[in-house]
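**Q** Pasting in a structure now, in structure tokens, and then I'll have a few things to ask.
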Amino acid sequence: MDPSGDAEMPMAFLVLPILPDKEESWRRFAQDLLEDYLGEYEALERHLGIRRVRVYLVRMSRWDVILAYVEAIDPAEAFRRLMASEDPFAGWLKEKLTELNGCDVNRPRKGSSPELIFEHPGEVGGL
């Protein structure tokens, strides 16, 4: 169980760089999703099997990043379906992500996948 009491759902984390002078644009993008595009965003989430998204701004000493936490039925498949989608809203979303982080989200990432180096079941001591 997660802290909210819901059954555990597969999750993924995305770490995206924030280009110089783009923090305010990220904030506007998030606000636009909540205010102007909420219906389209929620429909896309349902279509992709995404249950929850939380996006954090992480300030680091040399640069800032966006850390996105995504719960989905199948996070890898949700990402693949988003990248393959020809839906106009999905296209706009991918365009904005490319503009704000400087990486073409339509092109596969080169390099290795993250390596899990520590995991703990979290059920010690009867909690």
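**Q** Taking Ser25 and the conditions (1) polar (S, T, N, Q); (2) free of Cβ contacts under 8 Å to residues at least 40 places away in the same chain; (3) surrounded by 13 or more Cβ atoms within 10 Å (Cβ to Cβ), which numbered condition does it fall short on, given that it satisfies the others?
**A** Unmet condition: (2).
**Q** Could I ask something else about it? Quick one: in region 18-30, which of the residues that are assigned to a helix (DSSP H, G or I) and charged (D, E, K, R) is farthest from the chain's Cα centre (by Cα)?
**A** Taking the candidates together, the pick is Glu24.
**Q** Select from region 31-86 the residues that are in a strand (DSSP E or B) and hydrophobic (A, V, I, L, M, F, W, C) and list them in ascending order.
**A** Scanning region 31-86 gives Ile50, Val53, Val55, Leu57, Val58, Val65, Ile66, Leu67, Ala68, Val70, Ala72.
**Q** Of all residues in region 68-118, how many are modelled with pLDDT under 80 and exposed (fewer than 10 other Cβ atoms within 10 Å of the Cβ)?
**A** 10
**Q** Go through region 55-76 and count every residue that is over 20 Å from Glu24 (Cβ atoms) and of a type outside the set (Ser, Thr, Tyr).
**A** 7
**Q** Here's a follow-up. Can you confirm whether Leu48 is modelled with pLDDT under 95 and within 20 Å of Phe29 (Cβ to Cβ)?
**A** No; evaluated as a whole, the condition is false for this residue.
**Q** Ok, one more. Would it be correct to say that Glu40 is under 20 Å from Pro88 (Cβ atoms) and either at pLDDT 90 or above or exposed (fewer than 11 other Cβ atoms within 10 Å of the Cβ) (or both)?
**A** Yes, satisfied.
The values are calculated or read from the model by the stated rules, or taken from the named source; none is laboratory data. These numbers were taken from a predicted model, which means no experiment stands behind them. Cβ: placed from backbone, ideal geometry, glycine included. Neighbour counts: every protein chain shown.
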